[in-house]
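Read the structure below first, then the notes.
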Amino acid sequence: MSNKPKILYVDDEEINITVFQLTFSKVFEVLTADSGAKGVEIFNSDPDIKFVISDMRMPAMNGLEFIRKIKNVCEHIPCSILSGYQQSPEILSALDNGEIVEYLMKPFNKGAIEELILKHVNGVAGN
Amino acid sequence: MENYIVTVNILSALILSLSAVIVFVRLYRNRVQYKILFGVALLILLAGSIINIYQHTTVQENAEEFEQILSILFLPILIFAIYESIIGEQLRNRIKSEQKFKGIFDQTFSFVGLLDGEGRLLEANSTACEFIGYRKDEYKGLLFPETRWWKHSAEEREKLTVAIEKARLGKTVRFETTNIDKDGNIRYIDLSLKPIHDSHDNLIYLIGEGRDITEVKSTRLELEKHKKNLEDIVDKRTTELKTANAELQIINDALQEKNTIINEQNSKLISALNDLKETQAQLFQAEKMASLGVLTAGVAHEINNPLNYIIGAYEGLKLQGIHAGDEDVETLLNAIKTGADRVTGIVKSLNQFSRNTPSDNEECNIHEILNDSLVMLQSQLKNRIQVHKNYSNETFITFGNVGNIHQVFLNILSNAEQAIEGAGEIAIKTSKKDNHLIIAISDTGKGIEKDELTKITDPFYTTKDPGKGTGLGLSIAFGIIKDHGGSLEFESEVNKGTTVTVILPQKGIKHE
C-alpha cells in the first residue's frame, strides 16, 4: 500500500492517459480508464479512490454522464472535468449543482491540478 | 125679293156648314172646349139659316118663332165660346206653366228654398224635403236656421244666419256648409242665397239653393288624402334616400378610413419587410458567427488535446532533468514550451470569440478582451501597424456577455486595421470616469466623411469594397453595447484617422 492518494483519470485518448499518469504518478496513485463504462467498473472495484478526473467528450458516455453514474454509488466523491472545450451551459450547471468541483481546461496545468486534488483529498475522510 | 133672301141664306148655310166641318175636324184633332162651343154656335147659326131658307121658300108661319129662339141661343153660346177661347186658354196655359216650374222646382237635384225677407222658409223643393224627411208644409214659416237641416251644428247655424243677413242687404252669398239628413248623416252642401227684389227694389224673397257636394268633397278629400299619401311617400322615400345616402356616405368614409388603414398597414408591412430583411441578414451573420463558434470550439478541442500531451510531455521531460547541463537541450525544450504556449494563447482567444453562453453576468476583463482581440488580428497587424496600449492601472472589469464584448472590440480593432492602408498606428487608451469604463481606440487611417459618420451604425452601411464588409459589424457592436447599457461615440477626420470611444457602465455581479 502506497501513501499516495488514489485518483481515477478517464480519457478516451491513450496518449493523454499515458502523459497524465507519467506527470502525476509521483504525487498520486493514478488509476486510468479509456471509457466511462470502464471507469465505473474500476471505481466500483476500488473503494480507495479519492478523486475522479474525466475528459468530457468521449464516445458512448460523456464525462458528466460517467460522473453521475459514480455519484449514484458514492455521492461525496469529488469529481472534475478536464476538457479541451470551453465551458458550456451543461458544464456551468454541473458546477452550480456541485456535480463537479472544478472545470479544468486542456492543456492541463500540473500545479493547479495537484493543488485541487490535494485540497479535496485532505478535506474528505475517504471513499 | 123673296128669292134674293133665299139665295143669301143658302150661301150663308153653305159657309156655315163648311165652317162647322172645319171646326169639328179641328176639334177631332185638338179637343178644346171653346171649339165645341164654337161648333155648337155654328150649328145653331146653320140651323137658323136653314130655317130662314125654309121660311122664305115655303109658307111656315111659326118658323119666325124658331128663328128668334135660335138667335137668342146663339149669342150666349158664341160669347161663352169666345170667353173660353181667350180666358180659358190663358188659364190653362198658366196652370201648365206653373206645373212645369213646379216640376223643375221639385225635381231638380239641388235643394231649392224660398225665404221671405225675414228669412222664414216659405217653400222648399221636394229634393230638400225628402232629404230631411219634412212632410208638406211642415216647415212653413220657420226661420230657415231653425229648420231641421241645421239642427246638428250651432256653428253652421251661425254661419247661415250671417249669410242671410248679408243676402238681405242685397248680396248674393255662397258658402260651404253641412246639413244633416234624415238618417243622421252629415252631408257637405254648397249653399247660395240670392235676394229677389220687386220693381220698386224692395226685398221680397231670398232664394236658397244648395248642392250636395259630399261626393265631390269626399272625392276631393280622398284626392287630398292620396296627395298627402303621395307627399308622405315622397317624403318617406326622400328621407329613406337621404338615410341611404348618409349610410353610403358613412360606408364610404369607413371604406376610406379602412383604405387609409390598409395603406398604413401596407407601409408598416413594407417597413416590417425591410426590418425582416435586415434581421435576416443579421441572422445570417449571427448564424455565420455561431457556425464559426462551433467550428472554432471543435478546432480548439482538437488542438487542446495534442497541446495537452505536448505540454504534459514537456513537463515530464523537464522533471526528469534531461536538460541538466546541456544548454542546447534546454533551448530546444524552451522552444517547445514557447510554441505550445503561443498555440495555447491563440486557442484560448479563439474560444473567447466562439463562446456561446447566453449569460449576461460573466466577468468581462476589458484589458484581457482587448489583448485577445489583438491576438486574433496579429497576422494583419504584424510588421505594418504599431499598437500603442495605454491601459488604466485600475481593475478594468464589468459584467456582461464575454463573447459579445469580444466581438465588439474585435470589430472596432478590425475596422481600425482596415482603415489603415500601408503603415500606421493604433492607440488604445482605457480610463475610468464616474463609474464608467472608457475605451478609446484611435487609428491613423483614412477617416470617415462627416455626413457619413451618422450612418456607420446603420445596418448594411459600408464603405468597404463589395465582399469585404457586410455593413453589419458596427451595427451589431452598437446593439451589443446598448444591451450592456453603454454607448459608442465616433470622431473622425478624413485622411487623419478615426477615434471610436466605447463607454460601458462598471457593473457589479448581477444577483439573480
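The values are calculated or read from the model by the stated rules, or taken from the named source; none is laboratory data. Just so it is clear, the model here is predicted, and its values are computed rather than measured. A quick note on method: Cβ atoms are made from the backbone with ideal geometry, for glycine too, and the neighbour counts reach across all protein chains shown. Accessible surface areas use protein heavy atoms only, side chains included; no ligands, DNA or RNA. Shrake-Rupley method; radii C 1.70, N 1.55, O 1.52, S 1.80 Å.
Open to solvent by 90 Å² or more (accessible area, probe 1.4 Å) and among the basic types (Lys, Arg): does that describe residue B:96?
yes
Every residue in the stretch B:406-448 that is surrounded by 22 or more Cβ atoms within 10 Å (Cβ to Cβ), touching a strand residue (DSSP E or B) at 6+ places or on another chain (Cβ under 6 Å) and outside any strand (DSSP E or B), please.
Selection gives B:412, B:416, B:445.
Can you list the helices (runs of 4 or more DSSP H) found entirely within the stretch A:24-127 that contain at least 1 residues being within 30 Å of residue B:343 (Cα to Cα) and of a type in the set (Ser, Thr, Tyr)?
A:89-96
Of the numbered conditions (1) within 12 Å of another protein chain (Cβ to nearest Cβ); (2) out of contact with any Leu (no Cβ under 7 Å at 6 or more places or on another chain), residue A:37 fails exactly one; give the number of that condition.
(1)
List every residue pair whose Cβ atoms lie under 8 Å apart, where the two residues are 6 or more positions apart in sequence or sit on different chains, the first residue falls within the stretch B:312-325 and is more than 9 Å from chain A (Cβ to nearest Cβ) and surrounded by 15 or more Cβ atoms within 10 Å (Cβ to Cβ), and the second residue, located anywhere, is of a type in the set (Gly, Ala, Ser) and in a helix (DSSP H, G or I).
B:314/B:340
Can you find, within the stretch A:13-34, the residue that is surrounded by the most Cβ atoms within 10 Å (Cβ to Cβ) among those that are touching a residue at least 40 places away in the same chain (Cβ under 8 Å) and more than 10 Å from chain B (Cβ to nearest Cβ)?
A:28
Residues being open to solvent by 80 Å² or more (accessible area, probe 1.4 Å), more than 27 Å from residue B:497 (Cβ to Cβ) and away from chain A (no Cβ under 12 Å): count how many of those fall in the stretch B:343-393.
Counting residues in the stretch B:343-393 that are open to solvent by 80 Å² or more (accessible area, probe 1.4 Å), more than 27 Å from residue B:497 (Cβ to Cβ) and away from chain A (no Cβ under 12 Å) gives 1.
Just the residues that are within 31 Å of the chain's Cα centre (by Cα) and acidic (Asp, Glu), please, taken from the stretch B:212-230.
Once the filter is applied, which keeps residues that are within 31 Å of the chain's Cα centre (by Cα) and acidic (Asp, Glu), the stretch B:212-230 yields only B:224.
Determine which member of the set A:55, A:96, A:48 is in contact with a Gly (Cβ under 8 Å, 6 or more places away or on another chain) and surrounded by fewer than 17 Cβ atoms within 10 Å (Cβ to Cβ). Give the steps one after another, and end with the answer.
Details: A:55 fails: surrounded by fewer than 17 Cβ atoms within 10 Å (Cβ to Cβ); A:96 fails: in contact with a Gly (Cβ under 8 Å, 6 or more places away or on another chain).
None of the others qualify; the one that does is A:48.
Please work out which one of (1) closer than 21 Å to residue B:497 by Cβ; (2) at pLDDT below 90 is the condition residue B:409 fails and give its number.
Unmet condition: (2).
Applying the selection to the stretch B:166-208, what residues are touching a residue at least 24 places away in the same chain (Cβ under 8 Å), open to solvent by less than 70 Å² (accessible area, probe 1.4 Å) and among the aliphatic types (A, V, I, L, M)?
Residues satisfying the conditions are B:167, B:180, B:189, B:191, B:193, B:203, B:204, B:206, B:207.
Name the one entry in B:251, B:233 that is of a type in the set (A, V, I, L, M), at pLDDT below 90, over 30 Å from residue B:195 (Cα atoms) and in a helix (DSSP H, G or I).
Numbers: B:251 fails: at pLDDT below 90.
Answer to the selection: B:233.
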